[in-house]
Structure formats: structure tokens, C-alpha cells
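These notes are about the structure you will find just below.
The values are calculated or read from the model by the stated rules, or taken from the named source; none is laboratory data. In this text the structure is predicted, and so the values were computed from the model without any measurement. Cβ coordinates were reconstructed from backbone atoms using ideal geometry, including for glycine residues, and neighbour counts include every protein chain displayed. The accessibility values were calculated without ligands, DNA or RNA, using every heavy atom of the protein model including side chains. Shrake-Rupley method; radii C 1.70, N 1.55, O 1.52, S 1.80 Å.
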Amino acid sequence: MHETNKIYQHGTLATLIEGLYEGTLSIGELLKHGDYGIGTVGDLDGEMITMDGKAFQITSEGQVNQLTDNVLVPFATVHFHQPDVSIQFENVAGSILEEQLLELYPYQNLFFGIVIKGTFSKMSTRSVAKQSKPYPTLTAVTAEQSEFSAEHINGTIVGYFTPKLFQGIGAAGFHLHFLSDKMDMGGHILDYHLENGMVSLQPFSSLEQHFPIENDAFLKSNVNVAKLHDEIKLAEN
Ligand SMILES: [Zn+2]
């Protein structure tokens, strides 16, 4: 039996913001801790989404590739999907849906997983380009991100809500990635409108935060906490 009340994360958003993009955990190892999730790929080579125990990369060219077990990632969050709540929604903008979920469920101080399977009248995403050392900061990279958009598209959103208290481990609020059913469009979500679909929520009682203890750059990194909130806003919204 898998533990379904636990969220597992490798790396932190704060160190990704600083430009620590070297892959430090294999996909094979990551998938032992969850079958659904999101993240990025080593060298910041695109956005990642994990579902049904498979990990997919959406490159800055918009190409979707399934990742093999040996690929390394610097930052990823996963959980074993077994939602507590599933509700049908239709014709709602993403931002309104997110507000409604927080009004309907007392989860604002919890990490929770969110999966939305359905048809989206609008989906707008971004992906980041592969970097080489010396790595630029994440805000420098996202300033040049590729953006994609689609209308009336079927697919799946996977993501997490991070409580305000834990800004830095992740981005406070909703952080969502998308993959179309046809595997031809996806990425880190900028905006969406749900035409109709099933929204599933899974609150977690535990967080397992795993660190890249053998990574020299991580051990020597010195996160600028004073600037962190502004940098996260720039990079993730
Ligand atoms: Zn993302």
C-alpha cells in the first residue's frame, strides 16, 4: 500500500530560483515516491508533468517526450494519487475555480494535490529552455520563456497548492502543469478556462522534503531570502 497522505519533494523552489538546475535525482527514484506530480528537468530542460506513473517533459519547442528512468531532475514534487474529493465543474475561469475551491474546502494551510481532467476552452502555458553552466537565475530564464496556447483542448492538469507559510519550498498558492490527451501541448500553466471537467483534491498530512545532499552547488548555495518572494512572483506567475 502506498502512502496517499504524503507529498514528496526533491529540491526546493528557492534553490531553483538561484539557478541550481543540475539534475540530482533520477526519474526512476522519483517515481518510487509518487505516480502524479510536477517539476522540471536537469539543466532546466523544459517543464515536467507526471501521471499514471509516467513522467513527461514539455520542451521549450513545445515537444512532449516521455522521460526514461535515468534522466535526472533538480526539482520535482510527487504523490500517490487517491483524491479525497472529486467535483464536476463547468464553464469557469481558472482563477475563479481556485478561489471557489479554497472557499469550499478548509485546505488553505495544507499542501494539497489537484488533478483536473476535462475540456479546456482556453489553455495557456509556458516552458523554459535548456541552460548550460554558469546557470543564469530563474527570473532571467523565464523572461525568455516560450509560451503556448490552445482552445477547446482535452487534457489533464496536475499540480499543488502550497500554503503561504511554505513559500520558498514551493510557490505559495496553486502551481499547475498541463498535458493534452493527444500529448501535443502542455507546460507550466499561465492561465486556463475549464469548459467542463472533474476536479480532484487530495490534502496531505505530511511533507517529505528531500535534499540533494551530494550536490556541491546546493551545499554551497546562499539563498537571498530578502529577494525570494519577489523573484518567485516573477518566475512562477
Ligand atoms: Zn511549473
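Give the separation of the Cα centroids, region 150-177 to region 188-237, in Å.
For region 150-177 versus region 188-237, the Cα centre distance is 8 Å.
Considering only His193, His152, His175, give the residue with the highest GNM mean-square fluctuation for the chain, with springs between Cα atoms whenever their separation is below 10 Å.
His152
For the chain, take the longest principal axis of its alpha carbons; what is the angle in degrees between that and the long axis of helix 94-104, to the nearest 10 within 0 to 90?
Helix 94-104 sits at roughly 80 degrees to that axis.
With just the Cα atoms of region 160-237, tell me how far they stretch along each of the three principal axes, in Å, largest first.
Principal axes ranked by extent give 46, 29, 25 Å for the Cα atoms.
For the chain, count the residues as N, evaluate 2.2 N^0.38 Å, and divide the Cα radius of gyration by that value, please.
0.93
Provide the per residue accessible area, probe 1.4 Å, for the chain, rounded to a whole number of square angstrom. Working shown, then result.
Numbers: 11020 Å² over 237 residues.
For the chain, the per-residue accessible area is 47 Å².
Quick one: which residues, 5 or more positions from Glu22 or on another chain, have an amide H under 5 Å from its amide H? H modelled 1.01 Å from N in the peptide plane, none for Pro or chain starts.
Asp43
Kindly provide the helix-only [θ] at 222 nm of the chain, computed as the sum of -39,500 (n - 2.57) over DSSP H runs of four or more divided by all residues, to the nearest 500 deg cm²/dmol?
Rounded to the nearest 500, it is -4500 deg cm²/dmol.
Using only protein heavy atoms and a 1.4 Å probe, report how much of Asp45 is accessible, in Å² to the nearest 10.
In the full protein context, Asp45 sits at about 40 Å².
Taking every Cα atom in region 102-198, find the radius of gyration and the maximum pairwise distance Dmax, and write them in Å.
15.0, 45
Please list, in chain and number order, the residues 5+ apart from Met185 or on another chain whose amide H is under 5 Å from its amide H, with Hs placed from the backbone.
Placed amide hydrogens put Ser180 under 5 Å from Met185.
Once all Cα-Cα distances of region 44-111 are split into 10 Å bins that start at 0, what whole-number percent is in each one?
Calculated P(r), rounded to whole percents: 14, 34, 34, 18, 0.
Given the pairs Lys130/Lys220; Lys6/Lys54; Lys32/Lys233; Lys117/Lys164; Lys32/Lys182; Lys6/Lys233, which are separated by over 29 angstrom at their Cα positions?
Correct reply: Lys32/Lys233.
Kindly state, to the nearest 0.05, the FRET efficiency for Met183 paired with Ala129, given R0 = 22 Å and r defined as their beta-carbon distance.
0.60
In whole percent, how big is the carbon plus sulfur part of the accessible area of region 43-182, probe 1.4 Å, protein atoms only?
Working: 3020 of 6500 Å².
Carbon and sulfur: 46 percent of the exposed surface of region 43-182.
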